[in-house]
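The values are calculated or read from the model by the stated rules, or taken from the named source; none is laboratory data. All of these numbers come straight from a predicted model, not from anything done at the bench. Here the Cβ is made from the backbone with ideal geometry for all residues, glycine too, and neighbour counts use every protein chain on show.
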């Protein structure tokens, strides 16, 4: 029996073309995005893909992860084309070509509108990390900021500052990522970079495809041993911050 699509869903013929890599690149990306969110088409895809030796592993979540990897690779290509100097172009190209969009560390950042709590998500991103990744993040306590507006809705009233949300990964090198709710700023800090090793790049990829990805180079701060990268004035929305794989 031929399985026909319902309104807004994929057809079995198109899914077959997708598995055979016969779709145009743009349409292939649209199919990936649809499969990331649609369990009904995922089930149909399993039927179309029934001849595969691993059909049980083909899930909506797997396609969500594949979609992010594909988007990271596309973002690296986009950023490479707009890079202001050759060295940055070469690093972005190497990241894309050698690691296929995988990262040394990754976190999801949800930037909310005023009055709603922003957050950082550290779980469920393991498939986006390179094998043997050094940095897997977990929440840590934050120090209240020294600038930015107070929040009268918090205990203590108008004199209570808003502490950023912070996650950290430890090892030979310590990396912290902080999200400031009041300033809508993401700050990545890297400590104790080994001698002769270049600080990794950080890419911020918005979930909204209409927004452009951003790349920031971790810059050593004057008279210190740590490096900082900033992404400021972020619109409300969901983002994933990816850290460039550390070369062996």
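Assorted remarks:
- Selection of the range 82-139 for residues being farther than 15 Å from residue 243 by Cα and in contact with a helix residue (DSSP H, G or I) (Cβ under 7 Å, 6 or more places away or on another chain) yields 83, 89.
- Scanning the range 24-60 for residues that are in a loop (DSSP other than H, G, I, E, B), over 23 Å from residue 207 (Cα atoms), touching a helix residue (DSSP H, G or I) at 6+ places or on another chain (Cβ under 9 Å) and modelled with pLDDT of 60 or more gives a single hit, 49.
- Residue 158 modelled with pLDDT under 90, over 15 Å from the mean Cα position of the chain (by Cα) and under 18 Å from residue 230 (Cβ atoms): no
- Residues that are under 14 Å from the mean Cα position of the chain (by Cα) and either loosely packed, with under 11 Cβ neighbours inside 10 Å or in a strand (DSSP E or B) (or both) within the range 83-118 comprise 103, 105, 106, 107, 108, 109, 110, 111, listed in sequence order.
- Verdict on residue 72 being crowded, with 17+ Cβ neighbours inside 10 Å, modelled with pLDDT of 70 or more, out of contact with any strand residue (DSSP E or B) (no Cβ under 9 Å at 6 or more places or on another chain) and not assigned by TED's automatic domain parsing to the domain that holds residue 200: no
- Matching residues in the range 174-185 - criterion: being touching a residue at least 60 places away in the same chain (Cβ under 8 Å) and either assigned to a loop (DSSP other than H, G, I, E, B) or under 15 Å from residue 219 (Cβ atoms) (or both): 175, 181, 184
- Scanning the range 123-155 for residues that are on the phi > 0 side of the Ramachandran plot and either in a strand (DSSP E or B) or modelled with pLDDT of 85 or more (or both) yields a total of 1.
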